[in-house]
Structure formats: structure tokens, C-alpha cells
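Novice: Once you've had a glance at the structure underneath, I'll fire off some questions.
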Amino acid sequence: MQQQQQLRQRMDQLVQTLDPQRTEQAQQAERVAQLSRRVQQQQQELAALEQELATQQQQDGSGSSERDRLAEQVGEAASAVAAAEQEYRLQQDTQARLLGEQRDKQRQLDRLESMRQAIQETQGTQASRIIMDAGLDGVHGLVAELGQVEQRYRLALDTAAGGRLGQIVVSDDRVAAAGIDLLKRNRGGRATFLPLNKIRGGRLAEISQWDSPKGFIDHAVNLVRYEPEYDSVFQFIFNNTVIFDDLNNGRRSMGRYRIVTLDGDLLESSGAMTGGSRRGGGGGLSFGAGEAAEPEEVQVLRDRLSEIERILTHSDQAGHRLSAQLRQRTQTLTELRDAYRTQQLQSEQTTKLIQRTRQQRDQLQASLAADQGAIAAARQRLESLQLNLPEQDEELQRLRQALAELEKSPLHQEWQQRQGIVQRQETALQTQEQALRSAEQSLGDLALSQQRLQERLAENQQKIAALRAQQTEQINQQTALGAQQEALVNQIQALQTELAAIEEKLGSEKVERDRAERRLRDQQGQKQQLEWQLQKTQETQQEQRSQLADLEAQLAEQAAELPDPLPEIPAETSLEGITALQHYLRNLAKRIQAMEPVNMLALEEYERTQERLEELKTKLAVLESERTELLLRIETFTTLRQHAFMESFNAVNANFKEIFATLSDGEGFLQLDSPDSPLDGGLNLVAHPKGKAVRRLASMSGGEKSLTALSFIFALQRYRPSPFYSFDEVDSFLDGANVERLAKIIRQQCDEAQFIVVSHRRPMIERAQRTIGVTQARGAHTQVLGISQEEAAREVEKGEAEAAAQVTQAQAAESPG
């Protein structure tokens, strides 16, 4: 039986070995053929991939160079856009600053114009302007507008005419009455009218050329050029006034005439003398000007406003140009970035293709190598199978014959029955063992679940206890807050009641104040009006007295000069006509004399001068444009200076606040005198030491000044460090705590700069890295001693450690055992 079983086992083994080997032999043959075909195909694909990879690498190289070129162009374009943006912002800042200055200057000009208008109203000039703007028929103009004088005589003639320059020349007394009525209706003030049909001038004193006084120039009326119809007006204005060259020569003839010098000194025939210096920006009327000359301050403001207007116009043009340039550069940058992104995407795609191609190539190469190895192994296995199969077939035949002989025996069927019983018992045993393992695993899971539930129960009990304690505390807090809220509500109600009473009282006080202010303004206005009227009355009275004295003197002089007996004058000729003709003849003679000598080449010279004028105008326009450009650059540099200053100021101010708070436990900051124009004002250090009111540096004690000044120095040092700093007894006014703070700050700043400090205070010396002492040795010389605090501290620590070690050893030696 045992022999039969062994034969069957051997035969099964041979069958199990032989059948797979035959199948494997067929499969290996087929596999070798398939692998051979696939290797050939993979070699072709590998060659194609190598060619495609070379093409892609060439494209990637060209794309990389193009990408680098575009990246460089993008960088340059971004720099150009940043520069354009910075220049455009700077231009806008300059324009905003100039607009602010323009508003300020315009306010100043408006204020000065208002003051000037008020002065003109008090002087009567405003009334003249109302008459001139009314468009009345028969108004010829102001006396100052109707006469022309040479520049060298202007001051003398303006002084001689005085306030009469602002008087209005009209055709007749009807127009004068209409003008007076207009001023009354419009409350425009008062004005003096000179009607041509009524005004009469005095007769000039004859001064012969051979008997003229030293320094005598001419009668004032003879130095003015005007139309013949205004002869009576200017005779009235100047009367018997004569012009001398200086005060000394005029004094010799004082009393005989009304004398005015070229310097503007006035000598009345009554003996009164007026003179002195004049203000540089005088605002009175002058011959040849219809309005009062503007003061110098007003002219400076107008010039600056005109200059700002030109600069702003040029700045607007520059701003538009910069804006267009910025848009163009931004568009160029956008296009370059788009091209760069496109090229980058193409490059990334090419790189991915190269990577994919390389992966495919590597996979093909690996697959090719694997297939070639598989072909070699399959061929080797096929050869081995071809050698082993015949032997195994022969052995299988022998075993089958032996088994057939054994199966004919009766013991074979009994053996098969027992073999089935054994297999069924083994199956039942395996089933029971598996059920036992499942029960043990369930028992362990239940024990673990019980332990977790107990832990969670204990944890929840602790949370419940904590929540109950928290609930009790919140109830107590809520009770306290309710009481506090009730007290605050009562306090708020009381304050609101007091506030209502105060507001009611404040309202009544404001009403009383407004009434008092209105009464005060009314009284001040009445007082000013009365003062103006009194001043006007005094001026009128003085003028009338002067006119009366002049008329009396003129009458006396004319009476003395009349011949005795008086010559007879034809009835058809009047005195005014003779005087007018004489004056007209003198004017003609002066004009003829001024025209001589006559230049016959004047026309050619005029053409040359005209060409030269056009050339100069062109150059002037270029220079004006260049000047405006330079002024704009100056204003731009001023804006840059302000930006740089404010940047430094803000940084130093932040450092000062931090360092001052560290040194003094207080608050401090930097304050500009003129925040709108920081370069035109000063800088103040405002400090608030702990426990004291805010004060400026000048009102502090010595220690507070030292801390504030040191804070400012450290703030500057933190913003822009210097190589080293030297302090000479800066802690002499400080107490111990402040010296500690100062020493700590200096020690912290030592990483950025070197500090050389002269001090006698212990905290400062202890904080130093190296201490140098100067002492007087024996004799007449001094001795310098220096130690390193860090080395000394290390030596002390080393000595203390050694001493501690010795003590430990001694204690160990004394202990028993």
C-alpha cells in the first residue's frame, strides 16, 4: 500500500512537472517570436524618439535665448515704468505744492487788496473809480491821466500836485453835479470835480531868464505836457508853483514862490516846509498813471503768482507728456510681459514635451532591455526544457505501468476510506479553533470599551464640577455688575441734569456776548466813521488854508508887477486866451526842440531795429521757456528736498518717541514750526516726562534736558549711525535710576557704534566693556589705568567657581564614610 502511494505521488509529481513544462515550452517559443517582433518595433520607435528629442532640445534652446532676451527687455521696461511713475508722482507733488502756495499767495494778495481798497476809500480814490466806471458823458478823467511828464520831474510834479492828482476833470458843472449825486446814491465817498467851464487858474509870476534864482528850473505847469483845453485845469493845480533842483537853492527864494525840489521837498510860500524820506512801495497817484501805484509787497505777490501760473502751465504740459509717456511705457511693458508669458508657456510646454519624450525613450530603452533579457532567458529555458522532457516522459511511462499493477490489489479501497475520515476530522478541528479565537478577540474589545467609558465618565464629572464653579463665579460677577451699572446710571442722570443746566446758562451767556459784540462793532464803526470825517475835514481845512495863502501871495505878487498905468488890451482878446496861446507856443517849442536833430536814415534804422526786435522777441520767448523749465526743475528739486526731509523727520521722530519713552517713562515727539513748509521753519522738541505736564525743552530742568537731548542724539544715531560718539559727563544731572537707563541704552547701541563716555557714576562704569581710569600718581604726573570689565567678570566668576569647588571638596572630606 505504501509503495502504491509513493508511486502515485511520484507519478503526480512528474505529471505536474511535465505538463507545465510542455506548456511552458510552447509559450516560450511563442514569447520569443513575439519579443523579437516587439524589440524590432521598439528599436524603430527609439530612433524616432531620439530624432524628435533632438528637435525639441533645439527648439528649447532657441526659446530659452528668446525668453532671456524678453526677460531683459521686461526688466528694462519695468525700470522705465518705475522711473516714469516716480517722475510723474514727483510732478504731481510739485504741482500740488505750487497750487497750495498759489492759494496762500492769492489769499495774501486779496487781503492786501482789501486793505488797499479800504485805504482808497478813505483817500477818495474809490469814489473816483466809481465815477470813471459809471460811464457818465462829459467825464474827461483824473488829473493824473491827462498830463505827461518826464521821469526826472515826476517826483517833484507829483509832490506839487499832491492830492489834486485824484480830482476828476469834467466838461461842465452839470456833469460834476451828476457825479456828486451818483456818489450819494451809491455811498461811494467824496470826490472833487474840476468843470472846464468854471475852473480858473492863477497868473504865473514872471521870472526872466537873466534874473532867475540859482537852481531854478521852471514853473511846474510848464513841465507838464497836456492838451490846450486843460490849460485852466493845470493852472489851477499848480498855480504859482516853481521847481528847484535842491533844497538849499530853494531855501534862498523861500517866501516868494511855492517851491518843490526834485527830491520831493515842498516849501510853501507861507514858510511851511515838508520833506523827508518816502516809503519804497508808495501807493499814491502819479502823472501818466490812472490808478495808484501798487505797493512793493503787492507787486512781489503778483510777480510770484504770475511765475507760479507759468510754472503750473508748464507743469501741466509736462504732466500730460509724462502721463502719455507712462501710458506708452506701461503698454510696452504689458506687451513685453504678455510675450514673455507666451514664450514661457511655450518653453514650459517644450520642456514637458522633452521630459515626456525622455520618459518615453527611457521606458522604451528599459522595455527593450527587458525584452532582450526576456528573449535570452526564454531561449535558455527553451533549450533546458528540450533536454529534460524526453527523460521525464520515459520515467512517467514506467511509473504508470507500476501503478496499474498495484491498483489491482484489494488494500487500495480501504486506504482511500481512512484517508477521507482523517480529512473530515481535521476540518472540524480547524473550525473550532477559529471560533475560539473570535470569542477571545470579542472579550478583549469589550474590556477596552469598558475602560474608555470609565475614563470618559471621570472626565465629564470633572468638567461638570468646573462648570458649576464657573457658573457660581459668573452669578457673583453679574450681581456686582448690576450694582455697578445702577450706580453708573444714577451718576449719568445727575451729570445730564448738570449738563443741561450748564448748557442753558451757556446759551444765555452766548446771547449776551453776541449782543455786546454787536454793540462794540457798531460803536467801533461809528468811531472809525467819525475819525475819517474828522480827518477829511482837517485835510479840507488845511487845503483851503493853503489855497487861501497861495491866492493872497499870488494877488500881492500880481499887484506889484502890474504896470502903472495899466496898458489897454483889445476888447476881442481875453487874458485866458493870451495865456493859453503862450502855453501852447511853449509846448510846441519844447516838442520841436525834443525832435532835433532830424535823422534822414531813420526809416532804414527803423527796419533794422524792427528785425533786431523780432530776433530778440524770438530769443526772449526761448529764454522764457527755458527759464520756466528751470523754475519747474527748481520747484521739483524743492519737492524732492521736502520729501527727503519729511522721510528723515518721520523716522527720527519715531525713534525719538521710542527712546524717550525708554529713558524717561514719558512721552515726547518732534514738532515742526511750519508743517506745510517744513524747510522754512524750525524744529521743536516737545517732551512730557512721567508725572509732569507737556513742556518744551527751554522750560525743563537740567536732568530733563539731558534725557531729552540724549534721546534726540540716539534717535539720529539710530537713523544714520556714526562710527563713534563721545559723551562728557552727560549723566552728571541724572539720578541713579536714569543713569541705569542711560547706561542700558548705550550698551544696546554699542553693536552699531563705539561710545566713549566720561563719567563718575557707578552704574555707567559697571556697564562699560572697558574702563580707563586717570589718577594722580606720586609726584607731578598722572597715571592711566585700564581694565576690561568682561575679562574681570570672567576672572571673578572663575575665582568664585574655584572657591566653590574647594568648599565642596572640603565638605566631602569631612563627611563620614
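The values are calculated or read from the model by the stated rules, or taken from the named source; none is laboratory data. Since this is a predicted model, take the numbers as computed values, not measurements. Heads up, the Cβs are rebuilt from the backbone with ideal geometry, glycines too, and the neighbour counts pull from every protein chain shown. Note: areas computed on protein heavy atoms with side chains; ligands, DNA, RNA excluded. Shrake-Rupley method; radii C 1.70, N 1.55, O 1.52, S 1.80 Å.
Novice: Determine the per residue accessible area of the stretch 618-668 with all protein chains present and a 1.4 angstrom probe, expressed in square angstrom.
Specialist: It amounts to 58 Å² per residue over the stretch 618-668.
Novice: In terms of Cα to Cα distance under 20 Å, which lysines are near enough to Lys690, apart from those fewer than 8 places away along the same chain?
Specialist: Lys657, Lys705, Lys744
Novice: For Phe727, what accessible area in Å² do you get when you roll a 1.4 Å probe over the heavy atoms of the protein chains, rounding to the nearest 10?
Specialist: Only protein atoms counted, so the area is about 10 Å².
Novice: I'd like the accessible area for Val758: 1.4 Å probe, protein heavy atoms, all chains in place, Å² to the nearest 10.
Specialist: Rounded to the nearest 10, that gives 70 Å².
Novice: Non-local amide H neighbours of Tyr725 (under 5 Å, H modeled in plane, Pro and chain starts lacking H): which ones?
Specialist: Gln754, Phe755, Ile756
Novice: As a test question: what accessible area, to the nearest 10 Å², does Arg456 have when a 1.4 Å probe is rolled over all protein chains in place?
Specialist: Roll a 1.4 Å probe over it and Arg456 shows about 150 Å².
Novice: While we're looking at this one, here's another question. Put +1 on the Cβ of every Lys and Arg and -1 on every Asp and Glu Cβ in the stretch 675-764; which of Leu710, Pro723, Leu734 then has its Cα farthest towards the positive end of the dipole?
Specialist: The listed residue farthest towards the positive side: Leu734.
Novice: What are the ³J(HN,Hα) values, in whole Hz, obtained from phi via the Karplus relation 6.51 cos²θ - 1.76 cosθ + 1.60 with θ = phi - 60°, for each residue of the stretch 160-166 in sequence order, with x given for Gly and Pro?
Specialist: With coefficients 6.51, -1.76 and 1.60, one gets 5, 6, x, x, 6, 4, x Hz.
Novice: Still on this structure, please answer the following. Leaving ligands, DNA and RNA out of it, rank Ser277, Ser64 by accessible area with a 1.4 Å probe, largest first.
Specialist: Largest to smallest exposure gives the sequence Ser277, Ser64.
Novice: Loop only per DSSP, at most 14 neighbouring Cβ atoms within 10 Å: give me the trypsin sites (Lys or Arg not before Pro) in the stretch 192-275, ordered by residue number.
Specialist: Here the trypsin sites (Lys or Arg not before Pro) that fit, given the DSSP loop and packing criteria, are Lys198, Arg200, Lys214.
Novice: Shifting gears a bit: With each pseudo-label sitting 7 Å past Cα toward Cβ, what's the Gln328-Ala737 distance in nm, one decimal?
Specialist: 6.8
Novice: What pairs from Lys184/Lys536; Lys505/Lys527; Lys105/Lys619 go past 22 Å between their alpha carbons?
Specialist: From the list (Lys184/Lys536; Lys505/Lys527; Lys105/Lys619), the Cα-Cα distance tops 22 Å for Lys505/Lys527; Lys105/Lys619.
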